[in-house]
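Beneath this line is the structure, given in C-alpha cells, with notes to follow.
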Amino acid sequence: MRHGKKINHLSRTASHRKAMLSNMACSLIEHKRINTTLAKAKALRKYVEPLITKSKDDTTHNRRVVFSYLQNKDASSILFREVAPKVADRPGGYTRIIKLNNRLGDNAQMAMIELVDFNELLLDNKPAKKKSRRRGGGKKSKPSAPKSDVSAVEANDTIEDAVVVEETPAQAKEEVSNKKAEASNEDNSKEEISNKKEEASNEDASKEETKDDEKKD
C-alpha cells in the first residue's frame, strides 16, 4: 500500500521523471507559460518553485545548484536575470495552474501552468489594495450632495449671514401712513373711473333720445 507517499511518479522511472521535469522547468522559464496535463503541472510546481526561490539570492553557489537541476545554461541565466527581479517581493507562490478542457485522444485532464508575475493582463486589471490595521475599518465617506442642494445651502447661509436692521417706531408710522395714502389714491382712481363710465353712459343715453326725437319729427 502507498500510505503517506505523496510523490507522483507519473508512471516513469526516477531518471525519466527527473529529466522530464527538468525539461519542463526550462520551457516554463523560457516561455513563461506551458500547457501540460494536470498531474505533470502539479509535479512541476513542486520542482520549479524552490529553484525560483534560490534565484533571489544571486550567488555562485545558488547558480551551481540551479544549474544542476536545469542542466541548461540559457534557462538558468534567464532565471537569474529576468525572473528573479520580478519575483523579488513575492514570498512564494510563483506559479499559477489553470485547468483546461480534457484532451481529445485519451480524455486526460489538461492544465496551463504559468509564472504569476509575467501575466500582464491580470497584473494591469488588479486594483491596488490599501493596507489597514484597524479592525473597524475606515470611516465611510459621505455621499456628495448634488449641485442643487449645495446651491440651496449656500443661499441659506447667505440669508443667515445677512444683517438684520431694526425699524424705529417713527419709520414704522411713516410706512403705515404711506400705505394708507396709497390705498386712498387707489380708491380715488377707482371712483374716477366709475364716474367716467357713468358720464359715458349718460352721453350715450342723451344721443339715443335725440335720435328718437328726430325720428318723431
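Please treat every number below as a calculation from the coordinates, not as lab data. Just so you know, these numbers come straight off a predicted model, no measurement behind them. All Cβ positions, glycine included, derive from the backbone under ideal geometry; neighbour counts span all protein chains shown.
Listing for the model above:
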read-out	value
When each of Lys56/Lys99; Lys46/Lys99; Lys5/Lys56; Lys6/Lys40; Lys5/Lys86; Lys6/Lys73 is checked by Cα-Cα distance, pairs over 24 Å	Lys56/Lys99; Lys5/Lys56; Lys5/Lys86; Lys6/Lys73
For Leu100, residues with placed amide H under 5 Å, excluding near neighbours	Met110, Ala111, Met112
Cβ charges +1 (Lys, Arg) and -1 (Asp, Glu), total dipole of region 14-122, debye	360 debye
Rounded, prolate or oblate (a/c below 1.5 giving rounded, otherwise prolate when a/b exceeds b/c) for region 14-122 by Cα gyration tensor	oblate
Estimated FRET transfer efficiency (Asp74, Lys5; beta-carbon r; R0 35 Å; 0.05)	0.50
Positive-pole candidate from Thr95, Ser15, Ile34, dipole of region 14-122, charges at beta carbon	Ser15
